[in-house]
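Worksheet for the structure shown next.
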Amino acid sequence: MEYTQKLVYQSNYWYNDGLKRARIRDMSGAVTSLKKSLQYNRENIAARNLLGLVYYGRGEVGEALVEWILSKNFQSHENIANYYIKKLQENPTELEKVNQAIRKFNQSLSYCYQDGEDLAIIQLKKVVADHPSFLKAYQLLSLLYLHTQQYGKARHTLKEAHRLDTTNDITLRYMHELNELRRNRAVRQAEKEGKKEKPQTVTYNIGNETIIQPASAGVKENAGLMTIVNIVIGLVVGVAVMWFLIMPAVNSSTAERTNRQVKEFSDQIAEQDAQISALQTELEQYRANSEATETAQQTAASTQESYEIVLNMYDHYRSEDMSDAAMVTELLKVNPDSLGTVGREQFDSMTEDIYGRYCETLYYTAQQNYEVANYADAITNLNTVMQMNAGYDDGQAMWLLAQSYAASGDTENANTWTERVQTEYPNIDTSGEDGSGEESSE
C-alpha cells in the first residue's frame, strides 16, 4: 500500500510540474513531465487530459485525440475528455481542414525528398495558413527558408514556432543556426570593408609607473616633415646622377628604343583588333544566351503558376466545395505541357471529369440562347467549350459557333469557323438551323 501511494505522489508531482510548464508555453517540457507522470500512474486522468491539450496546442490533433480517448476508456463518466472529443466532432469542417493540412505537410516532406523545395514551401505556406498552431509545419518551413538562404522569412517563421513552444529543441537549434549565419555574414562583411580600429593612445613606462596618454599629433607632424625633407634630398641627388651619368647613355639609345616601340605598338594594334573581333563574337553569344535565359525564366514562372493552380484545384475537386465554372476558369490558365508526370496525371484526371460536365452544360445553354436570338451569350459559352474541347459533340459545337457568329453579323469569324468545320469535319450534318445537326420537330 505504501509503495502504491508513493507512485501516486510521484505522478501528481510530475503532473503539477507539467501544468506549470504548460502555463508558460514550455510545451516540450510539459510533454516530458506529463509522460513521466503517466509512467508512475497511467490512470492519472488529469495528466492524460492535459497532455492531450498540450499536443493540441502544438497542432498535433491526432496525438491529442489518442490521449483523450485513452482517458475516456479509463473513466467514461464525469471526464472532461468527453467534452474535448465532442467539440472536435461538432466541427467537422475544422477537423477536415486539419486533416487536409496534415496531408499537405506529408506531401511537402515528399517534395523535400525529391529536391522540390519550391513546391514544398508553397504547400507549407498553405498548411500554416489553414492550421496556424501546427508547430512541425513552421519548423520544416523555417528549415527550407534556411536552406534556400531566405533568412528574413526564416526568422519570422521561427518566431511563430517559438511562440507556440518556447523550449522546443528543434526550434532553438534552428534559431541558433540562424544567429550563427548572421554573425558569420557580419564578420565577413567587416573583413571585406577593412574596418580596423586604430590605436587612440600611447603607452610608455617611467620607472615603475605606466603612463597612458592620447596619441600626440606633434609626433605625426614631425614625422611628416622629416619625410618631406628626405624626399627633397633624394630628388636632388637623383637629378644630379641622371644628368651626369644616365643622360648620355639615354640619348645614344633613343633612336633604337623608338624603332623597337614602333614595332611593339604595331603588334599591340594587331592583337587588339583580334581581341575586338573576339569580344564582338562573345557579345553576340551573350545576347543570345540572355534571350534564352529570359525565355527560361518565363517558362519557370509559368510552370510554377500552373503547379499552384493544379494543387489548389485538386484540393477543391476532392472536397467538392467549388463550382465547375470557377474551377474551369482557373484550369484554363494551366499550361499542361509544363507539368511533370504527377502534375499532368492530376490535371488530366480532373479535366476529364470537369470539362465533360461543363461542356455539356454550356453547349445546352448555347443552344437555348441561339434559339432565342441571344447570340452574344451563345458565342461566349461556345468559345469556352472550344477552349476545353474544340471537337465537342463531333464538331456540332463548332458548327453552332459558326452559325452564331453569322447570325450576329460577324462575317469574318463566321467564315473562319465554317472553314475549320469543313476541314476537320467534312461529313458533319449541317442541315439543321439550330446547330444540333437535326431538324426541329416543332
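The values are calculated or read from the model by the stated rules, or taken from the named source; none is laboratory data. Just so it is clear, the structure is predicted and the values come from calculations on it, not from any experiment. In this analysis, Cβ positions are derived from the backbone assuming ideal geometry, glycine residues included, and neighbour counts consider all displayed protein chains. Remember, those area values only see protein heavy atoms, side chains included, never the ligands or the DNA or RNA. Shrake-Rupley method; radii C 1.70, N 1.55, O 1.52, S 1.80 Å.
Per residue, the accessible area of the range 305-435 comes to 52 Å² when a 1.4 Å probe rolls over the protein heavy atoms. With a Förster radius of 51 Å applied to the beta-carbon distance between I170 and Q280, the computed FRET efficiency rounds to 0.35. Once both labels are positioned 7 Å from their Cα atoms along Cα-to-Cβ, the gap between N383 and Q114 label points is 3.6 nm.
Please give the FRET efficiency for T32 paired with A390, using the beta carbon to beta carbon distance and R0 = 41 Å, rounded to the nearest 0.05. Rounded to the nearest 0.05, the efficiency is 0.05. A cut-off under 15 angstrom between Cβ atoms defines the neighbours of R21, and their net charge, with Lys, Arg +1 and Asp, Glu -1, is +2. What the phi angles of the range 90-102 give under the Karplus curve with 6.51, -1.76 and 1.60, with θ = phi - 60°, is a coupling list of 6, 10, x, 5, 5, 5, 5, 4, 5, 4, 4, 5, 5 Hz, glycine and proline written as x. Our Cα-only numbers for the range 144-195 put the radius of gyration and Dmax at 12.9, 42 Å.
Carbon-plus-sulfur accessible fraction, the range 58-118 (probe radius 1.4 Å, protein heavy atoms only): 51%. Rounded to the nearest whole Hz, the Karplus-based 3J(HN,Hα) values (6.51 cos²θ - 1.76 cosθ + 1.60, θ = phi - 60°) of the range 160-166 follow the sequence 5, 5, 5, 5, 6, 8, 6, with x at glycine and proline.
Let me check I've understood the local charge: for S302, count other residues with C-beta under 15 angstrom from its C-beta, Lys and Arg +1, Asp and Glu -1. What total comes out? Intermediate values should be presented prior to the final figure.
Working: positive: K333, R344; negative: D118, E294, E305, E308, E330, D337.
Overall, the nearby charge balance is -4.
Label separation (E330 vs E352): 2.1 nm, computed from points 7 Å beyond Cα along the C-beta direction.
Just flag the GluC sites (Glu not before Pro) in the range 294-357 sitting in loop per DSSP whose Cβ has no more than 15 other Cβ atoms within 10 Å.
Working: sites: E294, E305, E308, E320, E330, E345, E352; in loops: E320.
Answer in residue order: E320.
Using a cutoff of 8 angstrom between alpha carbon atoms and counting only pairs six or more residues apart, the relative contact order for the range 1-133 works out to 15 percent. Derived scalar couplings between HN and Hα for the range 128-142 equal 5, 6, 7, 9, x, 9, 7, 4, 4, 5, 4, 5, 5, 5, 5 Hz in order, rounded to whole Hz, by the Karplus curve 6.51 cos²θ - 1.76 cosθ + 1.60 (θ = phi - 60°), x for Gly and Pro.
Using alpha-carbon positions, what is the distance between the centroids of the range 348-372 and the range 1-79, in Å? Their Cα centres are 57 Å away from one another. For the range 69-143, lysine pairs separated by 8 or more sequence positions, or belonging to different chains, with Cα-Cα distances below 23 Å total 12.
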